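A quick write-up on the structure given underneath.
The values are calculated or read from the model by the stated rules, or taken from the named source; none is laboratory data. These numbers were taken from a predicted model, which means no experiment stands behind them. Every residue, glycine as well, gets a Cβ built from its backbone with ideal geometry; the counts of neighbours run over all protein chains shown. Accessible surface is based on the protein model in full, side chains and every heavy atom, while ligands, DNA and RNA are left aside. Shrake-Rupley method; radii C 1.70, N 1.55, O 1.52, S 1.80 Å.
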Amino acid sequence: MSDARVDRETARAEEIAAEQRYLNVLYGKLDDLRAETTQRLKATLRDSGGPPQARTERDISTRMYTDKLTQLSAVEHGMCFGRLDLDSGETFRVGRLGLFDEDNEYEPLLLDWRAPAARPFYLATAAARDGVHRRRHLKTSWRKVLDYEDEVLDLDAAEQGSDLGLAGEATLLARLDARRTGQMQDIVSTIQAEQDRIIRAGMNGVLVVQGGPGTGKTAVALHRAAYLLYTFREQLSKRGVLVVGPNPTFLHYIGQVLPSLGETGVLLSTVGGLYPGITATAVESARTAEIKGRAGMTDVLTAAVRDRQQVPRDHVEVTFDREPLFLKRKDATAARTRARRTRRPHNLARRVFQDEMYRSLTLQVGERLGLDLLDRRDLDEINAELRADPAVSTALDALWPEMTPQRLLDELLSSPERLATATAKVLGVGADERDALLRAAGEPWTPADVPLLDELAELLGEDDAAARAEQERQEREELAYAQGVLHIMEQDEEIADEERLRVSDVLDAELLAERFRTRSDLSAAERAAEDRTWTFGHVIVDEAQELSEMAWRVLMRRCPSRSMTLVGDVAQTGALSGTSSWDEVLSPYVQDRWKLAELTVNYRTPAEIMDVAAEVLSDMDTELEPPQSVRTTGNPPWSQQIAPEDLVSELPQVVSEELAEVADGRLAVLMPPELLAEIGPRLAESLPEAVVGTRPDDLESPVVLLTVDEAKGLEFDAVLLVRPEAVAEESDRGLNDLYVALTRSTQRLGIVHCDDLPPSLARSFE
């Protein structure tokens, strides 16, 4: 070994040792914080009893310390991943959280990656150094420094990165080549410049992030959530952040990213999970889901609600006090008109209708007894007796019933007559569509039902008069308690100086009661999950191109401020109710007041596979260009034809051979839904490593069998696509689904077909 090489390796070992010493200091600080927080948590848990307000304070403290411990544990792996050496001679380390030296005027020991001072770590280039002399990427394994990569940002230095301008190219490519684990990993140590600009964009308004497969859209969206919570903590901690994904499997896949970034207060949900108390996991046809997703369904639901506001053909007879009473058509029509003119939701307008009808019935009874003999008190007593009479209330309920969204929608979709009435004047809903919507009463809810239920909740409203009265009673009790607390505090004060401030000078009983009332041991995300009417400080939607028009209405209600980040790729729209134009879905809500950002670099899909996918993209009705891949693997995609009758017997061997090529990795076998239902269980029986991917944990299996829709947003070491010809022909957006399927792999792609390949694929395998 030459002396020069020995010197280089010795110098490198010394640098690693120096980084290890600094890392030891950081982890020592982390351990001190953990121990201090644990002690405070234990002390809080020991402090039991006391009045309700004291218990509330204890619950809040317990949650705060528990969340802090969760954060400290989450950021422990890879806590420090970079270093900035500035022209000024200063050196800063960059990591997952901020740490400061209390003994040295709170000098930063570690910069939080979201802090403004850390931004040059992601944006500095040789052409725009921003005062950075050198950027160092650390490779660590828990608390041990393994290696590092230096970038000297000097225009006279050797070429930096690749022709794509990658920062920390060696570190990035090593990360991209790593085996998948079944859960998405954060990219905090390898964020690239175009990603960083989106992550740190302002919070106001709607930001659309359009990016092809593998460009890191999901990772950018999640890191943006963490950045916004860090930068706008006070604002967002009250209202929370909602992250919407396409399905529960996807949510499980991304579930560890935000905790690894130190954020646990984000609500992850599908659109189907945004209605508390409803489990919407049933499956229906793509056409039925598309019909339910049309904006015209708002007119259908409005008509269905009005259809439940009836008047008699002539009259309805009821017995009251052993005498007949008549609910007359004229009276009911007038009461209904007055109730509708209030423009209140159905259940709230119902009280107006009933008040009018009880007034009419009271007069009817009064006329029988002789109105000239009755005073106002007599009439009020008659009215009260009518309201307490079961027969009368049952008759009025039949005319204008109190409805829940679940009851109304179930009765609508299971009744050909009600459905025909509700759709009679709605364009685009004919007999075929009604047949597709019909279902048996009591069937489980599907994801496409949830936007309909949410719309009905708005149309119906909830008569919460009793609940509000109870809340007002509790608030009066809390105010009285707060007044007592202030009185005791002032009695205990030692007023030695007349100018000394008294408690009442800075705090009154109303403020004290409000303080205890508004603080809760539940996080904003937990409270939001239980409250359909909750509005969020910011909403992030992944795979946003898949949302129906009705789903957009749900999300816009959840975010009236329109502070939203929408990520997706209109070239990957597979749902029939999805969109091919961002302007089309956003114009009804924000007109042209939205911003577009694009991601153009493909970090996931190697060039060999992307060349195949690009052929499919070229046959689609879109002007989008395929993203540029940053790497090659030397593994060309392959195809194999198997006769349909031999598919079940031969496919296990093909899967086994492909799995052997990605040892310790993850292989996804993608196929059309009908084929998966037919042969999936038999394949899983013949392949011990394989599971049919219907549960979130299945992604951690070596082999998972999925439909293309279930694989959307996910990535695997290898993909085996079975019967792409059926995928392409399955719907009007079959090529979109094919494009999605081809771009899920980070290493290898195999195709098994029974009939001729689609033309765009055939060109790649000629």
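Points worth noting:
- In the range 221-237, residue nearest to E598 (Cα to Cα) [restricted to those that are open to solvent by less than 60 Å² (accessible area, probe 1.4 Å) and of a type in the set (G, A, S)]: A221
- T632 being hydroxyl-bearing (S, T, Y), in a loop (DSSP other than H, G, I, E, B) and without any contact (Cβ under 8 Å) to a residue 40 or more places away in the chain: yes
- Count of residues meeting criterion [closer than 24 Å to Q591 by Cα, open to solvent by less than 20 Å² (accessible area, probe 1.4 Å) and either among the aliphatic types (A, V, I, L, M) or free of Cβ contacts under 8 Å to residues at least 60 places away in the same chain (or both)] in the range 200-220: 5
- Residues of the range 328-346 satisfying the condition of being open to solvent by 90 Å² or more (accessible area, probe 1.4 Å) and assigned to a loop (DSSP other than H, G, I, E, B): R343, R344
- Boolean, L647 is surrounded by 18 or more Cβ atoms within 10 Å (Cβ to Cβ), among the aliphatic types (A, V, I, L, M) and either touching a strand residue (DSSP E or B) at 6+ places or on another chain (Cβ under 7 Å) or assigned to a loop (DSSP other than H, G, I, E, B) (or both): no
- Residue in the range 272-284 that is in a helix (DSSP H, G or I), charged (D, E, K, R) and either surrounded by fewer than 20 Cβ atoms within 10 Å (Cβ to Cβ) or at negative phi (or both) present: no
- Number of residues in the range 648-687 that are touching a helix residue (DSSP H, G or I) at 6+ places or on another chain (Cβ under 7 Å) and within 21 Å of Y739 (Cβ to Cβ): the value is 6.
- Taken together, the residues in the range 105-120 that are closer than 24 Å to Q256 by Cα and open to solvent by 50 Å² or more (accessible area, probe 1.4 Å) amount to 1.
- Index of the failed condition, L268 passing every other in (1) under 26 Å from L453 (Cβ atoms); (2) out of contact with any Asp or Glu (no Cβ under 9 Å at 6 or more places or on another chain); (3) part of a helix (DSSP H, G or I): (3)
- Restricting the range 592-610 to residues that are exposed (fewer than 14 other Cβ atoms within 10 Å of the Cβ) and modelled with pLDDT under 95 leaves a set whose member that is farthest from S764 (Cα to Cα) is R593.
- Filter pass, R313 being surrounded by fewer than 20 Cβ atoms within 10 Å (Cβ to Cβ), of a type in the set (K, R) and outside any helix (DSSP H, G or I): yes
- Qualifying residue in the range 721-736 (condition: open to solvent by less than 10 Å² (accessible area, probe 1.4 Å), touching a Gly at 6+ places or on another chain (Cβ under 8 Å) and not basic (K, R)): yes
- Residue identified as touching a Phe, Trp or Tyr at 6+ places or on another chain (Cβ under 9 Å), in contact (Cβ under 8 Å) with a residue 24 or more places away in the chain, assigned to a helix (DSSP H, G or I) and buried (at least 18 other Cβ atoms within 10 Å of the Cβ) among A668, A613: A613
- Whichever residue in the range 62-104 is in a loop (DSSP other than H, G, I, E, B) and acidic (D, E) and, among such residues, is least open to solvent (accessible area, probe 1.4 Å): E76
- Number of positions in the range 559-575 that are open to solvent by 10 Å² or more (accessible area, probe 1.4 Å) and touching a Ser or Thr at 6+ places or on another chain (Cβ under 6 Å): 2
- For the range 163-185, the tally of residues that are of a type in the set (D, E, K, R), surrounded by fewer than 22 Cβ atoms within 10 Å (Cβ to Cβ) and either touching a residue at least 12 places away in the same chain (Cβ under 8 Å) or in a helix (DSSP H, G or I) (or both) stands at 4.
- Answer residue from the range 121-136, given it is open to solvent by 10 Å² or more (accessible area, probe 1.4 Å) and assigned to a strand (DSSP E or B) and is farthest from I16 (Cα to Cα) among those: H133
- Restricted to the range 191-261, the set of helices (runs of 4 or more DSSP H) holding at least 3 residues that are more than 21 Å from R114 (Cα to Cα) and within 17 Å of the chain's Cα centre (by Cα) comprises 248-254.
- Of all the criteria given as (1) of a type outside the set (S, T, N, Q); (2) over 23 Å from D314 (Cβ atoms); (3) at pLDDT below 95, the one not satisfied by P345 is (3).
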